[in-house]
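K.L.:
Here it is, the structure, as structure tokens.
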Ligand SMILES: [Mn+2]
């Protein structure tokens, strides 16, 4: 971490006046959004941009704070010195980075085969959020930056499920600097799901298939939208969840997968193999991962189960 902090500081030294664009992964979550915001605090000439859209909690927080982002695809690359990417280092989740010179990536995801090339990549795959890295690395943290980083830490650890001692130390510091209560951060980190989405998730429960493999309860479902919200909801009880959505525009399936903490198989490895076999990209974390596949959702979910069973056997041996 000391090395990352020093490299970040020397990057800032060289680029503090640069005209950069700060962005995160597609369907930005709170970690990506808040890290863009925190990054902007040390790159005053930078513009913040989203590649496509924000997920529901990120959108609500964005609107609450009145943040100003532009659409990445609408910017003219010639007018900027390059791109800074937070919370993402794979081209699968940032196709819009194509043609941009990437000056800096800060990420806590594993390096994938579709790794984005950057002049400097600061990666800590043991960090449960990019926000935790930012909280440590920023030379100075203002009250409003501390507040957004605190919200992102609570959100991206799924309320501390993936936390480590350092997470609590950083959160305590963010609470102190921001002067806010934990309950206020939690309110933005885990906002109430709106009525339409609640109905969507409950509908997915109705269409869910339940199987047993290696002593694990494994569930699958095909949904029209919100696959990650659905797979999170499933994994409140199911040991492993795979949820698929068909993307008609690009003729591919998106899978969101989750595993409960006692599951020994790593979901990012399952997702990578599924993607490799069906033509797509995959990655993420051990307990929460995703992939794309050039196959219909039913076939893709079958492949997920096949790879999972294989991985369970490998782990048993
Ligand atoms: Mn993250």
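Where a number appears in this text, it was derived from the coordinates with a stated rule and is not lab data. Since this is a predicted model, take the numbers as computed values, not measurements. Positions of Cβ are generated from backbone atoms using ideal geometry, with glycine treated the same way; all protein chains shown enter the neighbour counts.
K.L.:
Could you work out which residue, out of 298, 82, 214, moves most in a Gaussian network model of the chain, that is, has the largest mean-square fluctuation with Cα springs under 10 Å?
P.N.:
214
K.L.:
For the chain, find the longest principal axis of its Cα atoms and tell me its angle to the long axis of helix 143-156, 0 to 90°, nearest 10.
P.N.:
Roughly 10 degrees between the two axes.
K.L.:
Would you mind checking the tilt of helix 195-206 against the longest principal axis of the Cα atoms of the chain, expressed as 0 to 90 degrees and rounded to 10?
P.N.:
30
K.L.:
Another question about this same structure. Looking at region 1-99 from every direction and averaging, what is the projected area of its Cα convex hull in nm²?
P.N.:
Over all viewing directions, region 1-99 projects a mean Cα-hull area of 6.5 nm².
K.L.:
Just the number, please: percent antiparallel of the DSSP beta bridges in the chain, rounded to the nearest 5.
P.N.:
Counting only bridges with both partners in the chain, antiparallel ones make up about 50 percent.
K.L.:
While we're here: Can you give me the relative contact order of the chain as a percent, contacts being Cα pairs under 8 Å and 6 or more apart?
P.N.:
11
K.L.:
Something else about it: Given Cα pairs under 8 Å that are at least 6 residues apart, what percent is the relative contact order of region 184-317?
P.N.:
Relative contact order, region 184-317: 18 percent.
K.L.:
Rounded to whole Å, give me the distance from the Cα center of region 95-110 to that of region 124-154.
P.N.:
19
K.L.:
Using r as the Cβ-Cβ distance of residue 217 and residue 248, and R0 as 25 Å, what FRET efficiency do you calculate, to the nearest 0.05?
P.N.:
On the way: r = 31 Å, r/R0 = 1.24.
Calculated transfer efficiency: 0.20.
K.L.:
Okay, next question. Hey, could you get me the Stokes-Einstein D for region 152-207, Kirkwood radius over alpha-carbon pairs, 37 °C and 0.692 mPa s, rounded to whole µm² s⁻¹?
P.N.:
252
K.L.:
If each DSSP helix of 4+ residues adds -39,500 (n - 2.57) and the sum is divided by the residues in the chain, what number results at 222 nm, nearest 500 deg cm²/dmol? Each step should come with its number before you reach the end.
P.N.:
Working: 11 runs with 131 residues, N = 317.
Estimated from H runs of four or more residues: -13000 deg cm²/dmol.
K.L.:
Share of antiparallel DSSP beta bridges in region 144-266, in percent to the nearest 5?
P.N.:
For region 144-266, the DSSP antiparallel bridge percentage is about 70.
K.L.:
Compute the long axis of helix 2-15 from its Cα atoms, compare it with the longest principal axis of the Cα atoms of the chain, and write down the angle in degrees, 0 to 90, nearest 10.
P.N.:
60
K.L.:
So what is the relative contact order of region 2-189, in percent, for Cα pairs below 8 Å that sit 6 or more residues apart?
P.N.:
21
K.L.:
Out of all DSSP beta bridges in region 2-189, what portion is antiparallel? Express it as a percent rounded to 5.
P.N.:
Here the share of antiparallel DSSP bridges comes out near 5 percent.
K.L.:
Evaluate the distance, in nm, between pseudo-label points positioned 7 Å from the Cα of residue 142 and of residue 161 along their respective Cα→Cβ axes.
P.N.:
3.4
K.L.:
What are the equivalent ellipsoid semi-axes of region 2-189, built from the alpha-carbon gyration tensor (square roots of five times its eigenvalues), in whole angstrom, biggest first? Please list the in-between numbers first.
P.N.:
On the way: eigenvalues 113, 61, 53 Å².
The equivalent ellipsoid of region 2-189 has semi-axes of 24, 18, 16 Å.
K.L.:
Sticking to Cα atoms, compute the Rg of the chain to one decimal and its Dmax as the biggest Cα-Cα distance, whole number, in Å.
P.N.:
19.2, 56
K.L.:
Ok, one more. Using 0.36 nm times the number of residues separating residue 77 and residue 6, minus their current alpha carbon distance, what extension gain do you get? Mind dumping the intermediate values first?
P.N.:
Working: separation 71, 0.36 × 71 = 25.56 nm, distance 2.85 nm.
Taking 0.36 nm per residue and subtracting the Cα distance, the gain is 22.7 nm.
K.L.:
Moving on to the next point. Rounded to two decimal places and with Rh computed the Kirkwood way over Cα pairs, what is Rg over Rh for region 195-316?
P.N.:
Here the Rg-to-Rh quotient is 0.94.
K.L.:
Right, another one. Hey, can you rank 146-155, 114-123 by average C-beta count inside 10 Å, highest first?
P.N.:
146-155, 114-123
K.L.:
What is the packing order of peptides 261-270, 239-248, taking the mean over residues of other C-beta atoms within 10 Å and listing the highest first?
P.N.:
Going from most to least packed, we get 239-248, 261-270.
K.L.:
Rank-order 55-67, 83-95, 16-28, 200-212 by packing density, defined as the average count of other C-beta atoms within 10 Å over each peptide's residues, highest first.
P.N.:
Descending packing order for the listed peptides: 83-95, 16-28, 55-67, 200-212.
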